[in-house]
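Below: one structure, written as structure tokens.
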Amino acid sequence: MRATESLELVGVGLANAAWVTTRTGIELLRFGRSSWWWRLRWAMIRAWVGQTPLGVVRREGPASGLSAEDLVYGETLPGTAFDLLEALDVGPRDVVVDLGCGRGVLPLVARLAFGARAIGLEVLEGFVMRGRRAAGLLGLEGVDFQTGDFREGPLPRGTVYFLAGTCLEASSWAAVTRNLADAAPPKARAVSLSQALPSAEWEDLGRREMAFSWGPATVFLHRRRSRSRRTRSAHRAHVRSKGSTGPSA
Ligand SMILES: C[S@@+](CC[C@H](N)C(=O)[O-])C[C@H]1O[C@@H](n2cnc3c(N)ncnc32)[C@H](O)[C@@H]1O
């Protein structure tokens, strides 16, 4: 690597550290009196002692067979997870599914701050293991971290889905959105980042700019359209032929 490239990388790293520190300060002002925020931060620190998300990607990524694009790591900040779940009116009757959950911030916030059941689906075992450890440290039941590939399906059944698919390869995006349309019941809500879900299956509930670990991103809010009678019977046949997993939390 040339010296100029190394310098650029250092610059990007410093700018990102400044962004995350600023956002954490803003969250501290907003959530400093909320016990869920402190408990989550403390559990994450303890669950991740001696390891980083990029370390997990470096160690397990090559054997996963996924492309570099699919393995680009970035994270939803706790305050942003809170705002997203609030925008979708999430409550204790919901089952929130994060497709590609990484460290599991969103499922943990869904359980801790909204009392929803939550599932984090993730292809890299290192994330799943530490997500379970964080849930254990928080004494949480009703949060389930599962190892799986969202391109393959069937996806867990939920009422609210989150897909941070900003960097996904086109073929992975196509596969996961197809599986999502199969799994989501009518009126399920979903959030996707950077691109909207297919309008044939999803109503547009609006878009917002929100803060993520890598910077601001556009968030698309959706509601699953009802299926017509004809699509319903085709869907039932399709799901029967694939099998389906229910939430096991
Ligand atoms: C950009 S990160 C987002 C993490 C988390 N959703 C968040 O917002 O904090 C995407 C995650 O999806 C995972 N991932 C990528 N491809 C996947 C696949 N085919 N099946 C399941 N997880 C996948 C990656 O390992 C990574 O942890």
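Observations on the model:
- Scanning the range 183-202 for residues that are outside any strand (DSSP E or B), among the aliphatic types (A, V, I, L, M) and within 18 Å of the chain's Cα centre (by Cα) turns up Ala183, Ala184, Ala188, Ala196, Leu197.
- Every residue from the range 40-97 that is closer than 22 Å to Trp19 by Cα, hydroxyl-bearing (Ser, Thr, Tyr) and not in a loop (DSSP other than H, G, I, E, B): Thr76, Thr80
- Counted residues, the range 21-39 - those being of a type in the set (Val, Ile, Thr) and either assigned to a loop (DSSP other than H, G, I, E, B) or within 13 Å of the ligand (Cβ to nearest atom) (or both): 0
- Test result for Leu106, in the same structural domain as Trp48 (by TED's automatic domain parsing), near the ligand (Cβ under 8 Å from one of its atoms) and without any contact (Cβ under 8 Å) to a residue 60 or more places away in the chain: yes
- Residue among Thr80, Thr22 that is buried (at least 16 other Cβ atoms within 10 Å of the Cβ), modelled with pLDDT of 95 or more, out of contact with any Asp or Glu (no Cβ under 7 Å at 6 or more places or on another chain) and among the hydroxyl-bearing types (Ser, Thr, Tyr): Thr80
- Selection from the range 98-129 of residues that are in a strand (DSSP E or B) and acidic (Asp, Glu): Asp98, Glu122
- Where Leu155 falls short, out of the listed (1) aliphatic (A, V, I, L, M); (2) in contact with a helix residue (DSSP H, G or I) (Cβ under 7 Å, 6 or more places away or on another chain); (3) under 22 Å from Gly79 (Cβ atoms): (3)
- Pair list, Cβ under 8 Å, 6 or more apart: the range 131-147 residue within 21 Å of Asp94 (Cα to Cα), other residue modelled with pLDDT under 95 and surrounded by 17 or more Cβ atoms within 10 Å (Cβ to Cβ): Glu141/Ala249; Gly142/Ala249; Val143/Ala249; Asp144/Pro247; Asp144/Ala249
- Within the range 150-175, residues that are closer than 17 Å to Leu71 by Cα and assigned by TED's automatic domain parsing to the domain that holds Glu69 sit with their Cβ atoms under 7 Å from residues that are aliphatic (A, V, I, L, M) and in a loop (DSSP other than H, G, I, E, B), at 6+ positions apart or across chains, in these pairs: Cys167/Val72.
- Test: residue in the range 114-129 that is away from the ligand (no atom under 14 Å from the Cβ), touching a Pro at 6+ places or on another chain (Cβ under 7 Å) and under 25 Å from Ala175 (Cβ atoms): no
- Among the residues listed as Gly139, Gly91, the single one being in the same structural domain as Ala164 (by TED's automatic domain parsing), at positive phi and over 12 Å from the mean Cα position of the chain (by Cα): Gly139
- Test result for Gly61, surrounded by 13 or more Cβ atoms within 10 Å (Cβ to Cβ) and more than 16 Å from the chain's Cα centre (by Cα): yes
- Reported count of residues in the range 135-164, each being away from the ligand (no atom under 12 Å from the Cβ) and of a type in the set (Gly, Ala, Ser), is 5.
- Whichever residue in the range 4-55 is in the same structural domain as Arg130 (by TED's automatic domain parsing) and of a type in the set (A, V, I, L, M) and, among such residues, is nearest to Leu71 (Cα to Cα): Leu54
The values are calculated or read from the model by the stated rules, or taken from the named source; none is laboratory data. Small disclaimer: the values here were computed from a predicted structure and weren't measured. When we count neighbours, we look across all protein chains shown, and the Cβ atoms used for this are built from the backbone with ideal geometry, even at glycine.
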